[in-house]
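Take a look at the structure below.
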Amino acid sequence: MPTISASARKGFARPQSPNRTGEPLSLPLSLEQNLLWTMLSGTHTTTERAPRHLPLQRLFDVVASALLLVILAPLFLFIWLRLLQTGIAPLYRHTRVGYQGKLFVCLKFSTMYPNSDDLLRRYLRNNPIARLQWETYRKLRHDPRITPFGHFLRRTSLDELPQLWNVLRGQMSLVGPRPVPSYESELYGNALPVYQSVRPGITGLWQVSGRNTLAYRQRVMLDILYIRNRTLWLDLVILVKTIGVVRRGSGAW
């Protein structure tokens, strides 16, 4: 488990815990994040939940997702037909952990080859550097599973557009912590109840704070930091920042 220095516990220094690459995690210096790090490291236990869902935020999710589904319908159709031409099923359905720990089927446009699991196993077995990157980020900068058109969809984040349907159904929010598979839930440690106290989001604080350049533990900390401080105004700020991040392709692999 990572260790916390005495000064970090007092809020005067950031946690000096190296990631899998041997470098310290470079997070903003704040007492709250140091306390979060302590909680996530297992040295502090909490049963406190995040603030309850705000009705205004849910209303905003419903209205915005419904409008976007209508406005973006031609784009949906283009991507759908393009994927059919490549011989790949247009939609990828994967199970994720949602609000109150309930599992739901999260939708994305397909970006990988059908035998992606085998491709990943062989690639990691033969590439120790890639294996280290996968263990640190749970992502690969050069992922052999992704199709050429899939690279475009991921770089522009268009692969996540079907999640607007998840938002409309109440399974996700426009802004929130990243939806994670059940086998990654343990990485949230004692903060898991906090994570499960809100709906996961299409975008979030970690997506506008570095995206795939952040180690997994950093993403977890930013998710919890968002949950503890979430407001409708913060959601709007994150949504505006997301537009800029997507346009620049910042941190997209």
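The values are calculated or read from the model by the stated rules, or taken from the named source; none is laboratory data. On a predicted model such as this, the values are computed, not experimentally measured, just so you know. Here Cβ is always computed from backbone atoms with ideal geometry, including for glycine, and neighbour counts include all displayed protein chains.
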Exercise for the section: Go through the residues of region 131-138 one by one and say whether even a single one is under 18 Å from residue 179 (Cβ atoms) and either touching a strand residue (DSSP E or B) at 6+ places or on another chain (Cβ under 7 Å) or at pLDDT below 80 (or both). Expected result: yes
Within region 170-211, the residues that are among the charged types (D, E, K, R), touching a strand residue (DSSP E or B) at 6+ places or on another chain (Cβ under 9 Å) and surrounded by fewer than 21 Cβ atoms within 10 Å (Cβ to Cβ) are 178, 184
Residue 167 passes all but one of the listed conditions (1) closer than 19 Å to residue 92 by Cα; (2) under 14 Å from the mean Cα position of the chain (by Cα); (3) crowded, with 20+ Cβ neighbours inside 10 Å; (4) not aromatic (Phe, Trp, Tyr); the exception is number (2)
The helices (runs of 4 or more DSSP H) lying wholly within region 77-171 that contain at least 1 residues that are in contact with a helix residue (DSSP H, G or I) (Cβ under 8 Å, 6 or more places away or on another chain), among the aromatic types (Phe, Trp, Tyr) and in contact (Cβ under 8 Å) with a residue 60 or more places away in the chain are 128-137, 148-155, 163-168
In region 187-205, anything outside any strand (DSSP E or B), without any contact (Cβ under 8 Å) to a residue 60 or more places away in the chain and within 14 Å of residue 160 (Cβ to Cβ) is listed as 204
Scanning region 90-133 for residues that are buried (at least 16 other Cβ atoms within 10 Å of the Cβ) and charged (D, E, K, R), the one farthest from the chain's Cα centre (by Cα) turns out to be 108
Do we find that residue 174 is within 30 Å of residue 56 (Cα to Cα), in contact (Cβ under 8 Å) with a residue 60 or more places away in the chain and out of contact with any His (no Cβ under 8 Å at 6 or more places or on another chain) in this structure? yes
